[in-house]
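This report concerns only the one structure given below.
The values are calculated or read from the model by the stated rules, or taken from the named source; none is laboratory data. Note that the coordinates shown come from a computational prediction; the quantities given were computed from them, not determined experimentally. Virtual Cβ from ideal backbone geometry, glycine too; neighbours counted across all protein chains shown. SASA here: full protein model, heavy atoms, side chains in, ligands and nucleic acids out. Shrake-Rupley method; radii C 1.70, N 1.55, O 1.52, S 1.80 Å.
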Amino acid sequence: MVGKLTPDGQLSASRIPVLLNASPYATPNELLQEMMDLDAGGEKQWLPQNDAMFWGDTLEPVILGEACKRLNLTDWDLYIDVPFQHADLPLAASLDGQATGTKLLKADPERNIYMPQGGTIETAGKIGLLEAKVTSSMPSERPLWSRGPLQLQAQLMCHPTAEWGCVATLYQGTALYLYLYRPDPVVQMQIRDAVIDFERRRKERDYYPAYSPGDASIVYSTMAPQDPPVEIDPDADADAQ
């Protein structure tokens with residue numbers, strides 16, 4: 001773990017779940033307000049590292065090293081110290097690791113290897129991106145969108161040569177699950193459209209619909225008494241999958 005590498009005033013792959021309203025921790029309006037505050041000269045607000053964050057950082061190379069062994073990968077690089085910038089979008093990615101595949105990979109539930117997209121992935125000679133996650137949640141054959149898959153798709157958009165990826169998730173400190181992915185054109189187009197729309201909203205100070213009462217306090221922070229009642233978006237469903 002080498003820390004955050006992407007620019008503070010730019011969207012990063014790790015924030016894509018928030019951007020797409022798939023995060024249980026923040027809403028698109030909170031992300032938009034954060035960036036608008038930076039645009040206005042404010043300072044980046046950092047969360048103090050808690051135990052979960054500490055163990056995630058500490059165990060990252062252990063998790064990825066074991067993932068590389070189980071997938072028979074070569075040319076491991078688990079300490080990448082440069083960000084990857086998307087070719088034409090204001091989007092960057094920090095990577096936990098990358099490695100080169102050696103064979104056709106397929107689901108192997110007995111070894112906790114899963115292919116959420118189905119099918120197989122030919123990785124021989126192809127660079128794959130590695131994303132490590134640590135969670136106290138119960139193991140699952142399909143991870144939440146917010147726990148790696150969306151971030152990985154954005155990372156694949158930013159890396160110039162990677163053709164596949166793995167989200168390596170350690171559940172409850174005892175079960176390592178490996179989720180293998182190909183680039184998903186539909187999801188990546190959703191990310192592209194969302195980034196472009198976000199930058200427009202950022203420039204025009206145009207908030208998203210309010211997703212919760214707390215979210216409404218951001219969107220309508222300057223309401224006047226004569227303004228109409230606030231309506232919460234009934235279709236908002238964070239972290240749906």
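Before moving on, here are some points about what is shown:
- If you filter the stretch 59-94 down to residues that are in contact (Cβ under 8 Å) with a residue 24 or more places away in the chain and closer than 19 Å to THR135 by Cα, you find that the one that is farthest from the chain's Cα centre (by Cα) is GLU66.
- Every pair of residues 6+ apart whose Cβ atoms lie under 6 Å, when the first sits in the stretch 117-134 and is acidic (Asp, Glu) while the second is open to solvent by 60 Å² or more (accessible area, probe 1.4 Å): GLU122/LEU104
- ALA154 buried (at least 23 other Cβ atoms within 10 Å of the Cβ) and in a helix (DSSP H, G or I): yes
- Tallying residues that are open to solvent by 20 Å² or more (accessible area, probe 1.4 Å) and part of a helix (DSSP H, G or I) within the stretch 16-41 yields 6.
- Selection of the stretch 89-129 for residues being acidic (Asp, Glu) and either under 17 Å from THR161 (Cβ atoms) or surrounded by 15 or more Cβ atoms within 10 Å (Cβ to Cβ) (or both) yields ASP96, GLU122.
- Some residue of the stretch 170-184 being open to solvent by 20 Å² or more (accessible area, probe 1.4 Å), under 12 Å from the mean Cα position of the chain (by Cα) and not aromatic (Phe, Trp, Tyr): no
- When residues of the stretch 111-142 are limited to those that are polar (S, T, N, Q) and over 16 Å from the mean Cα position of the chain (by Cα), the one nearest to LEU73 (Cα to Cα): THR123
- Subset of the stretch 207-223 that is more than 24 Å from the chain's Cα centre (by Cα), not in a helix (DSSP H, G or I) and not hydrophobic (A, V, I, L, M, F, W, C) - its residue that is modelled with the highest pLDDT: TYR220
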